[in-house]
1. How many of the residues making up the range A:100-142 are under 15 Å from A:Ala177 (Cα atoms), in a loop (DSSP other than H, G, I, E, B) and at pLDDT 75 or above?
2. Which numbered condition trips up B:Tyr209, out of (1) of a type outside the set (D, E, K, R); (2) under 30 Å from B:Asn40 (Cα atoms); (3) within 23 Å of the chain's Cα centre (by Cα)?
3. Cβ contacts < 7 Å: first residue without any contact (Cβ under 8 Å) to a residue 24 or more places away in the chain, restricted to the range B:378-400; second residue in a loop (DSSP other than H, G, I, E, B), any location; separation 6+ or different chain. Result?
4. Considering only residues of the range A:154-167 that are surrounded by 12 or more Cβ atoms within 10 Å (Cβ to Cβ) and free of Cβ contacts under 8 Å to residues at least 60 places away in the same chain, which is farthest from the other protein chains (Cβ to nearest Cβ)?
5. Does the range B:93-102 include one or more residues that are touching a strand residue (DSSP E or B) at 6+ places or on another chain (Cβ under 7 Å) and away from chain A (no Cβ under 14 Å)?
6. Can you give me the ranges of the helices (runs of 4 or more DSSP H) entirely in the range A:212-310 with at least 1 residues that are of a type in the set (Lys, Arg)?
7. Which numbered condition trips up A:Ala85, out of (1) surrounded by fewer than 17 Cβ atoms within 10 Å (Cβ to Cβ); (2) at pLDDT 90 or above; (3) over 30 Å from A:Thr218 (Cβ atoms)?
8. So which of B:Ala153, B:Ala127, B:Ala210, B:Ala181 ends up being surrounded by 18 or more Cβ atoms within 10 Å (Cβ to Cβ) and either among the small types (Gly, Ala, Ser) or at pLDDT below 90 (or both)?
Amino acid sequence: MAAATLTKGKRRRKSNFGQDNLVGYLFIGPWLIAFFLFTFIPISVSLLLSFTDYNVLANSGDFIGLDNFQRMFFEDRRYWRSVNATVKYVVFSVPLRLVFALAVAMLLNTYRRGVGVYRAAFYAPSIIGGSIAVAVMWREIFGNDGLVNFTLNLLGIEGPNWLGRPETAIWTLIILAAWQFGSPMLIFLAGLKNIPKHLYESAEIDGANSLQRFLRITLPMLTPIIFFNLIMQLISGFMVFTQAFIVTQGRPLDTTLFYALYVYRRAFEQNEMGYASAMAWVMLMVIAVLTAFVFRSSSYWVHYEADEGT
Amino acid sequence: MNRTRVLLILFSIVVLVLPSLSLTAQDMTEVRISWWGSQNRHDRTIATIELYEELNPDIDIVYEFQGWRDHWTKLSTQAAGGELPDIMQHDYARIEEWVANGLLMPLDGYLESGVIDTMNISDSSLAGGMVDGQMYGINLGNNSEVFTLDTDAFAAAGIELPPLDWTWTQFEDIANAINEALGIHGIGVLTSDQLWKSQYMGCCDQWAYAADGMSLGYEDDQPLIDYYNMLLRLQESGGMQSYEDSVARGDQGVEAQLIVTQEAAMAYHWSNQIVAVWTASGEDRNFVMYPIPRPEGGQSQNYIKPSMFFSITSQAEQPDEAAAFIDWFVNSVEANEILAAERGVPISSVVREALLPNLGAAQAEMFNYLGIIEMDNSPIRPADPAAHADVINNVFGPEFVEPVMYGMISPEEAASYLREEANRILGAQ
């Protein structure tokens with residue numbers, strides 16, 4: 001019976017194939033056009049540019065083979081500082097943000113009155129996430145006479161110069177990232193709601209405490225969601241730009257000179273579009289390899305309920 | 001259902017009619033202009049543009065403005081896209097690079113025909129805009145670097161004003177004395193690349209760059225090392241704001257100088273910026289402008305420079321109208337009454353004379369100061385080489401100033417690395 005409806009469905013889909021497609025393409029047409037014009041073509045051009053010394057002001061450049069990559073890896077000290085800053089940022093901010101997101105999602109996964117308001121309130125920072133306004137606010141909070149130092153002062157502690165010290169500046173940006181946990185939190189929340197209640201109930205009957213329930217039920221059941229969030233956050237972590245651009249300008253001592261910021265500097269302030277394109281492509285490759293690695297590793301730790309169901 | 005249809009029809013009518021309404025704007029000639037500056041400049045320039053539009057109803061001036069850094073980012077991107085405005089504000093440090101790339105239009109024709117009238121302008125005021133014997137930028141005001149002193153703070157601290165030819169030693173003592181007496185800084189950070197460029201004028205009659213721009217122009221690192229050792233001492237004592245503090249505050253423009261908020265008694269900036277500084281500080285404050293301190297027995301480290309230019313780009317669609325606007329901007333008394341010498345001392349003698357009787361305190365002090373500098377200065381050096389931005393952004397700042405001021409490496413080590421790297425970049429142009 002099930003098999004019969006399946007083949008029937010298939011046949012019907014086949015007969016309408018052309019028309020369905022046309023309507024579909026019409027609907028995504030505007031997006032497709034914009035995608036080719038503003039994403040695909042520029043990306044392809046940048047791949048070509050990465051093998052040239054194209055200068056924006058001169059509007060010309062010569063093919064120089066792999067020179068850009070040679071320069072990047074072996075001659076440019078600031079390049080490695082930017083790699084350093086970015087890796088540090090990703091290594092700390094991604095796990096922090098995910099932990100925060102999960103913790104808050106679990107708090108909000110209850111049926112108390114007004115919980116909707118809290119959900120919206122916690123999500124709000126992410127909507128205004130990469131915005132200039134938040135970055136400017138962050139400057140004020142961590143500034144010399146900012147909120148953080150004011151509070152510390154009340155406690156009798158003299159706060160350091162957060163944004164001015166090479167040891168602390170990047171942490172203000174990592175904390176900013178952790179604070180913007182809204183979108184992974186929403187996804188965690190949806191995941192939590194999908195965990196069948198009966199699992200918890202039977203665990204409770206068996207005498208499992210809340211820590212055991214979290215470790216043995218919540219975490220395993222959430223692994224597909226963690227997996228998804230991890231990949232999304234990894235990618236966006238490597239592309240971090242606005243925060244450093246506004247809050248620290250890459251200073252001090254290049255400790256917050258994130259990769260994307262350095263690419264921007266080279267491309268738009270130095271007009272070295274060829275070199276910047278090469279840097280951007282290296283970043284793309286690194287993100288691709290990392291993502292592939294996480295995907296590969298997923299078979300060891302991501303638990304899909306459906307696998308056991310069939 | 002019906003209502004939706006009615007709404008749809010109404011909507012399409014609006015969509016169809018709207019564009020035709022804007023047709024009326026088409027008989028106007030549109031001239032695009034772009035400048036960098038502070039809020040004070042934006043306000044004054046916009047008011048001037050509105051006056052011009054009033055006087056010339058057929059001209060529509062479309063303006064864009066931004067801070068220094070964004071100005072160059074935006075305009076170089078526009079250059080690549082063939083979208084440059086008709087008029088752009090330009091700078092002595094960049095004009096050579098832009099001319100070399102064919103992005104600016106020579107203005108000699110307009111000068112000869114008198115569209116841009118130079119009757120009341122001295123040749124020396126115009127010379128800064130010449131590249132390879134042709135005129136590419138009209139000077140918008142004469143400028144020089146300045147140390148501004150808050151006379152009230154000096155009085156409160158019981159410190160006498162120094163002589164005009166004060167030395168770096170005197171300066172250091174004063175900065176420390178202010179710090180001790182008032183508990184504020186003597187001055188904000190003095191790590192600007194401008195000071196590095198003119199540093200060697202005082203001691204050695206040299207300039208940061210060689211005349212051909214292919215290498216550094218000074219032979220001995222010692223004066224630079226001595227200067228940074230002084231800055232380190234001042235940073236330690238509080239005589240100067242710490243570098244760390246300036247990083248934490250970020251680059252917030254000339255109006256955010258410490259002298260404005262009375263957190264310092266002196267400030268270093270360009271002479272034209274006194275207008276913005278004084279306006280932000282309040283009319284009741286009292287400032288006096290001093291030349292850059294000089295080494296013991298040395299000569300003036302000040303030179304007179306065109307503060308900025310208006311240039312017509314090679315992508316301009318209305319070069320004739322653009323030239324007419326520049327002429328009015330430079331020569332009209334009415335325009336300059338609004339602009340109030342915020343871009344430096346006007347180059348037209350007629351304008352200067354007309355402004356004199358009604359000068360505000362800031363402008364009067366600036367005119368007076370430029371008079372002092374004219375008596376005693378070092379000659380202006382060639383415009384910066386094309387690789388200047390690369391040297392400053394990638395070597396001078398991150399490899400020299402920052403590691404030295406954070407105490408990561410010694411000034412000796414940093415100065416020799418600066419020499420090595422800058423020479424490599426300059427030589428490869």
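The values are calculated or read from the model by the stated rules, or taken from the named source; none is laboratory data. Here the structure is a predicted model, which is why all the values come from computation and not from measurement. Neighbour counts run over all protein chains shown; Cβ positions are idealised from the backbone, glycine included.
1. 0
2. (2)
3. Correct list of pairs: B:Asn393/A:Gln270; B:Pro398/A:Asp254.
4. To start, the set of residues in the range A:154-167 that are surrounded by 12 or more Cβ atoms within 10 Å (Cβ to Cβ) comprises A:159-166.
Remaining after also requiring free of Cβ contacts under 8 Å to residues at least 60 places away in the same chain: A:159-162.
Details: A:Gly159: 11, A:Pro160: 9, A:Asn161: 5, A:Trp162: 7 Å.
So the residue we want is A:Gly159.
5. Scanning the range B:93-102, I find no residue that is touching a strand residue (DSSP E or B) at 6+ places or on another chain (Cβ under 7 Å) and away from chain A (no Cβ under 14 Å), so the answer is no.
6. A:273-301
7. Evaluating A:Ala85 over (1) surrounded by fewer than 17 Cβ atoms within 10 Å (Cβ to Cβ); (2) at pLDDT 90 or above; (3) over 30 Å from A:Thr218 (Cβ atoms) leaves (1) as the failure.
8. From the options B:Ala153, B:Ala127, B:Ala210, B:Ala181, the qualifying one is B:Ala153.
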